[in-house]
Amino acid sequence: MDPTIRHPAYHDFAASWRLMRDAVAGEDDVKAAGEKYLPMKSGQKAIADPAIRAASYNAYRLRAEFPEITAPTIRGAVGVMLAKPAKIELPTTMEGLRENATLDGLTLDALHRRVAMEVMTTGRYGLLPGLSEDGTPHLSGYVAESILNWDAKAGRPDFVVLDETAQARDPVTGAWGEVERLRECVIEDWAFVTRIWTKAGGGWVSEELPRAMTPRRVPLSALPFVFIGTNDLTPAPDDVPLYGLAKLAMRVYRLDADFTFSLHMTSEPTPWANGFNDAADAVEKGNAPRALGSSVLWLLPEGAQAGYLEFSGPGLEKQANAIADALDRAAQFGAQIMQAGNAAESGEALRLRAASQTATLTSIAQTTASGLERALRNIAVWIGADPMQVIVTPNLEFFDRTMSSQDITALVQAWHQGALSYPSLFARLKAGGVLQEDRTLEDEEAALEPPDF
C-alpha cells in the first residue's frame, strides 16, 4: 500500500484550500506566491535581461496592496456564531474533557471555535478520539489538507489516512526537523485498526497499534473519525463558504497592482530636449542638460525645444471604479451576515431578514456542534459511558433580538383587549429578550403579587 495516495476529491479541492489559506494569511504570503496570483505584465515579460525583468516585476508587486478582508470576515463570522457558546452536556466520567479536550490543552469551547474557524476557511475539518497512555480521553483535530484519503461503505466511513507530519525537536542536539508521519485508520474484520506510517530510508514503514478496546474488552467496531463539513458530516468535501470572497480579494490585488503602476507612471515624467546635432557628443561635452532643478541652468541651441514625456493616465478613474466595485461585491459574501439590522425594524422583519442573512452561519453552527457531539459520543462508547448523555446544543440566536418598545406596547395592548392570553404574552416577551430565559410563568406571577407583611 502507498499511504501517500490522495483521494480524487482531494485533488479537486486542493487549489481552493490553498487559495483560502493564502488569502487568510494575508499580503506577505500572497506576494510570496509571485505570479501565481499576480501575473507579470506583458511589457515586463518583453525585457530581455533577467535581472532587470525580475527587478521590474518585484517593484510592480511591491507597490500593490492586498486587501485584508478574508481573515477579518472569518473571525467576525465565528465571533458572531459563538458569541454565546454551545451548551455541552457530558456524562460525569467525561467532565474532564470540558477543560482539557485536546492534547495541546484546548477546552471544549475553544475546540469548537477552532472547528468553526476551519470550516469557515476550507469547509472541512476532522476529529479523531483517542486515549492517552493513562487512559485519559482526548480529541485530535485535522485540517482539510491533512485528510489525505478516505472511503466509506453503505454510507459509513471505514478508511481514512491522516497526515501527522510535523516539526519535532531532537532532544540530544536541540535541532528542529520535519518528521513525516501518516496515520491510517481502517475497519478490518469488524474491528477498528490503526497503523502509523513513518518515512525512513526513502520509503514508508508501518506499525500497527494495539486495537482499541471498550472496558468490556470488545474491539471498537466503527471508525471513530468524524468528518465535519459546512452542510453535513459525510466524508465528501463541501464547498468552501467564502471562496468567492477570497477570489475577489485576489482580483482587487491584481487591479490595485495595475492601478498603482499607472499612478507611479504618472508621477515619473521623463524630461526631453532636442536641437542638438550630435546628442551623444553634447552629453559627453556637458552641453546637453543632465539635471533638473532651480539651481541648474539649461543652455539649449537656437531652435531647440524641451519638455516632459509623461503618462496622462486617462484610464485611472476606470481602474479605481473597478476596484471599488470589486470591494462592494466582496462585502456581500461575508460582512452583511454580521450586521444586526436597522433599529427601526420590527421584531418580525428583523427576524426574517437576519434569518436569510445568517443561513450559512446557522448551517455551520449546526454541523460543527453535531460533529463535536458525534466525536464525544464516540469517546463515550470507547470508555464505556452512555453516549446518549452527550448533547451539544448550538446557539442559533446570533443577534440581539430584544423587542422594540413599539412591539412591547402593541403586545400589551393586545392582551388588554383580550386578543392575547397572559401565557402567550409572557411567551412572546420572553422570546423577545424582555424577560430572562430561565424565568417561568409561575416566577413572574409570584413576582407580581404584593408582598405579605
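The values are calculated or read from the model by the stated rules, or taken from the named source; none is laboratory data. Model, not experiment: these values are computed from the prediction. Backbone-built Cβ (ideal geometry, glycine too); neighbour counts: all protein chains shown. Surface areas here come from the heavy atoms of the whole protein model, side chains and all, with no ligands, DNA or RNA. Shrake-Rupley method; radii C 1.70, N 1.55, O 1.52, S 1.80 Å.
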If we keep only residues of the range 196-220 that are closer than 23 Å to E180 by Cβ and touching a Leu at 6+ places or on another chain (Cβ under 7 Å), then the residue surrounded by the fewest Cβ atoms within 10 Å (Cβ to Cβ) is I196
Mind counting the residues in the range 57-73 that are open to solvent by less than 40 Å² (accessible area, probe 1.4 Å) and in a helix (DSSP H, G or I)? 6
Qualifying residues in the range 122-160 (those that are open to solvent by less than 10 Å² (accessible area, probe 1.4 Å) and not in a strand (DSSP E or B)) - the one farthest from T234 (Cα to Cα): T122
Can you name the condition, by its number, that P3 falls short on among (1) open to solvent by less than 40 Å² (accessible area, probe 1.4 Å); (2) closer than 30 Å to A110 by Cβ; (3) not in a helix (DSSP H, G or I)? (2)
Matching residues in the range 171-194 - criterion: being out of contact with any Leu (no Cβ under 7 Å at 6 or more places or on another chain) and of a type outside the set (A, V, I, L, M): P171, T173, G174, W176, G177, E178, E180, R181, E184, E188, D189, W190
On the basis of being part of a loop (DSSP other than H, G, I, E, B), open to solvent by less than 60 Å² (accessible area, probe 1.4 Å) and among the hydrophobic types (A, V, I, L, M, F, W, C), does L223 make the cut? yes
Enumerate the pairs (first residue in the range 175-191 and basic (K, R); second residue anywhere and open to solvent by 70 Å² or more (accessible area, probe 1.4 Å)) with beta-carbon separation below 8 Å, excluding pairs fewer than 6 apart on the same chain, so at least 6 apart or on different chains. R181/K199
Give just the number: which of (1) under 30 Å from Q389 (Cα atoms); (2) assigned to a helix (DSSP H, G or I) does G105 not satisfy? (2)
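Looking at the range 93-110, which of the residues that are in contact (Cβ under 8 Å) with a residue 60 or more places away in the chain and farther than 16 Å from T393 by Cα is most open to solvent (accessible area, probe 1.4 Å)? Step through it out loud before you land on a result.
So in the range 93-110, the residues in contact (Cβ under 8 Å) with a residue 60 or more places away in the chain come out as 93-94, 97, 108.
Now narrow it down to the ones that are farther than 16 Å from T393 by Cα: 93-94, 97.
On the way: T93: 100, M94: 2, L97: 5 Å².
Restricting to residues being in contact (Cβ under 8 Å) with a residue 60 or more places away in the chain and farther than 16 Å from T393 by Cα, the top hit is T93.
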Every residue in the range 77-92 that is open to solvent by 20 Å² or more (accessible area, probe 1.4 Å) and assigned to a helix (DSSP H, G or I), please. G79, V80, T92
Does the range 239-249 contain at least one residue that is within 24 Å of V143 (Cα to Cα) and part of a strand (DSSP E or B)? no
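Could you run through the range 161-209 and say how many residues are assigned to a loop (DSSP other than H, G, I, E, B) and among the charged types (D, E, K, R)? Lay out the reasoning, then the answer.
Our first condition is that a residue be assigned to a loop (DSSP other than H, G, I, E, B); within the range 161-209, this holds for 164-165, 170-175, 180, 189-190, 201-202, 209.
Filter once more, keeping what is among the charged types (D, E, K, R): 164, 170, 180, 189.
Residues in the range 161-209 being assigned to a loop (DSSP other than H, G, I, E, B) and among the charged types (D, E, K, R): 4 in total.
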